[in-house]
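The structure appears below as structure tokens.
The values are calculated or read from the model by the stated rules, or taken from the named source; none is laboratory data. Small disclaimer: the values here were computed from a predicted structure and weren't measured. Don't worry about glycine lacking a Cβ; one is built from the backbone with ideal geometry, like all the others, and counts go over all protein chains shown.
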Amino acid sequence: MFVRTLAIVACSALFAAAMLASAQRASPVILLVGDSISAGYGLPIGSGWATLLQQRVDAQHLGYRVVNASISGDTTAGGRARLGALLAQHRPAITIIELGGNDGLRGGSLDAMRDNLDAMTSARRRPARACC
């Protein structure tokens, strides 16, 4: 009897996990690509603006899922290099780019920063591929 109950509980847990994963995939994504400001560097976990954005979205029942792909120390060149894969992976409805501060701190070229940001804002997510 115990083994049967345990099997039912395990199957129920797997089903719930699968449903949650499916719901998360179905929710439109807001993708954040940024530096330490968006990554929340130096802040207690859960207190950065990306978390606050998700809380606001949830409170207003907007149905979006915030994916924070920010990396502390990232530059516009780094964001540009990563963006294509992020767009393909997450297929966001909205993309927020918060980059450039580290370029300035490092004395980077304004023309290169502009080119990187222009390329990123022009990037499009790839259409879903047909399976099988």
Here the residues within the range 113-132 that are out of contact with any helix residue (DSSP H, G or I) (no Cβ under 7 Å at 6 or more places or on another chain) and at pLDDT 55 or above are Arg114, Asp115, Asp118, Thr121, Ser122, Arg124
Name every residue in the range 83-122 that is surrounded by 15 or more Cβ atoms within 10 Å (Cβ to Cβ), part of a helix (DSSP H, G or I) and among the charged types (D, E, K, R), in order of residue number.
Asp103
Failed condition for Leu86, given (1) at pLDDT below 95; (2) among the hydrophobic types (A, V, I, L, M, F, W, C); (3) under 18 Å from the mean Cα position of the chain (by Cα)
(1)
I'd like to verify a number: residues in the range 61-81 that are surrounded by 15 or more Cβ atoms within 10 Å (Cβ to Cβ) and either touching a residue at least 60 places away in the same chain (Cβ under 8 Å) or outside any loop (DSSP other than H, G, I, E, B) (or both), how many?
9
